[in-house]
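J.: Pasting in a structure now, in structure tokens, and then I'll have a few things to ask.
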Amino acid sequence: MSKRLFVLLALCALLPAAPAVAEVRTFALDGDEAALAARPQAEWVRHARVFEKRRDWAGLLAWGENWARGDPDNPLAWFIQGRALAEQGRYPEAIEAYRQNLRLAPGDVFALNNLGNAYRDSGDSRAAMLAYRAAAERAPDYVAAWHNLGLTFYLAKGDAGVARALDRLHATDPQLAAVWHALALEYAITRDERVARDALRVLRSLSRAERKRMFDILLETG
């Protein structure tokens, strides 16, 4: 996601929701590409938030499809579709929507995180961890990617898998072992945000080479 798109999205979060559901519904999803393309992006995002708040996933999907019809190169239009499809349990379609988002905006860590969620919910924990890894590599301060990676690793590997990974990490770098124990085991069990914050503080300070070494060990651990 470009900086410009991120700023617009952040600004829209400050806008009030539409005053009434009826007004939201008056925006005709009529397939008129010229009219669709002419709508300001902030308007598209604002009304997508209304659908999301109401948990109207079918409405959100139609909104995203119509946005993409008028502006197919806008990654947010595909992000919205992925969000709606995943909430409906249509994971293969959600994965494809997020992948299209990432083809247009390869650095979009929010799409990478949600792509990981869709893979995880479809039963592909390894693909999920690779997506979370990519998000964490691009944005080491992005807490959700680290949390999801740790939780998915624990749920996929169990106590025994975590123990094997810790043994290998400890042989390489005891600090990495301690941090991963906190994130993938202690936090997964206790959900204590203080544990996660302390672990993430260290993880964010690692060099790219150190993070790569850690990821390689984790993803090779059976």
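The values are calculated or read from the model by the stated rules, or taken from the named source; none is laboratory data. Nothing here was measured: the structure is a model prediction, and the numbers come from that model. Note that we place each Cβ from the backbone using ideal geometry, even for glycine, and neighbour counts take in every protein chain shown. The area values use the complete protein model at the heavy-atom level, side chains included, leaving out ligands, DNA and RNA. Shrake-Rupley method; radii C 1.70, N 1.55, O 1.52, S 1.80 Å.
J.: Might you tell me the accessible area per residue for the stretch 172-222, computed with a 1.4 Å probe and given in Å²?
T.: Solvent-accessible surface per residue comes out at 51 Å².
J.: Classify the stretch 43-169 as rounded, prolate or oblate from the Cα gyration tensor: take a ≥ b ≥ c as the square roots of its eigenvalues, call it rounded if a/c is under 1.5, otherwise prolate when a/b beats b/c and oblate if not. Provide the component values of the computation, followed by the final result.
T.: Values: a/c = 2.57, a/b = 2.03, b/c = 1.27.
Because a/c hits 1.5 or more and a/b exceeds b/c, the stretch 43-169 counts as prolate.
J.: What is the stretch 41-106 by shape, rounded, prolate or oblate, if you read a ≥ b ≥ c off the alpha carbon gyration tensor as root eigenvalues and call it rounded for a/c under 1.5, prolate for a/b larger than b/c, and oblate otherwise?
T.: Numbers: a/c = 1.96, a/b = 1.09, b/c = 1.79.
Since a/c reaches 1.5 but b/c is at least a/b, the shape of the stretch 41-106 is classed as oblate.
J.: Next question. By accessible area of protein heavy atoms, probe 1.4 Å, what ranking do His170, His147 get, highest first?
T.: Values: His170 110, His147 25 Å².
Per-residue accessible area, sorted high to low, gives His170, His147.
J.: If you don't mind, there's one more thing I want to ask. For a test of the definition: using alpha carbon positions, the gyration tensor, and the 1.5 limit on a/c, classify the stretch 130-208 as rounded, prolate or oblate. Intermediate values should be presented prior to the final figure.
T.: Working: a/c = 1.34, a/b = 1.18, b/c = 1.14.
Rounded, since a/c falls under 1.5.
J.: Give me the percent of the accessible area of the stretch 125-221 that comes from carbon and sulfur atoms, probe 1.4 Å, all protein chains in place. Don't jump to the answer; show the numbers that get you there.
T.: Values: 2350 of 4510 Å².
The C+S portion of the solvent-accessible surface of the stretch 125-221 is 52 percent.
J.: Rank by packing, highest mean first: peptides 91-99, 195-203, 129-137, with packing defined as the count of other Cβ atoms within 10 Å averaged across residues. Don't skip to the answer; put the middle values down first.
T.: Working: 91-99: 20.7, 195-203: 17.8, 129-137: 23.4.
By packing density, highest mean first, the sequence is 129-137, 91-99, 195-203.
J.: How much accessible area per residue does the stretch 74-165 have, in Å², with a 1.4 Å probe? Spell out each step's value before the answer.
T.: On the way: 3550 Å² over 92 residues.
On a per-residue basis, 39 Å².
J.: Can you compute the charge dipole magnitude of the stretch 125-221 about its Cα centre, using +1 on each Lys and Arg Cβ and -1 on each Asp and Glu Cβ, nothing else charged? Give it in debye, rounded to the nearest 20. Kindly include the intermediate steps, with their values, before the conclusion.
T.: Details: 15 positive and 12 negative charges, 53 e Å.
With only Lys, Arg, Asp and Glu charged at Cβ, the dipole is about 260 debye.
J.: For Asp216, tell me the accessible area in Å² from a 1.4 Å probe, rounded to the nearest 10.
T.: Its accessible surface works out to 50 Å², give or take rounding.
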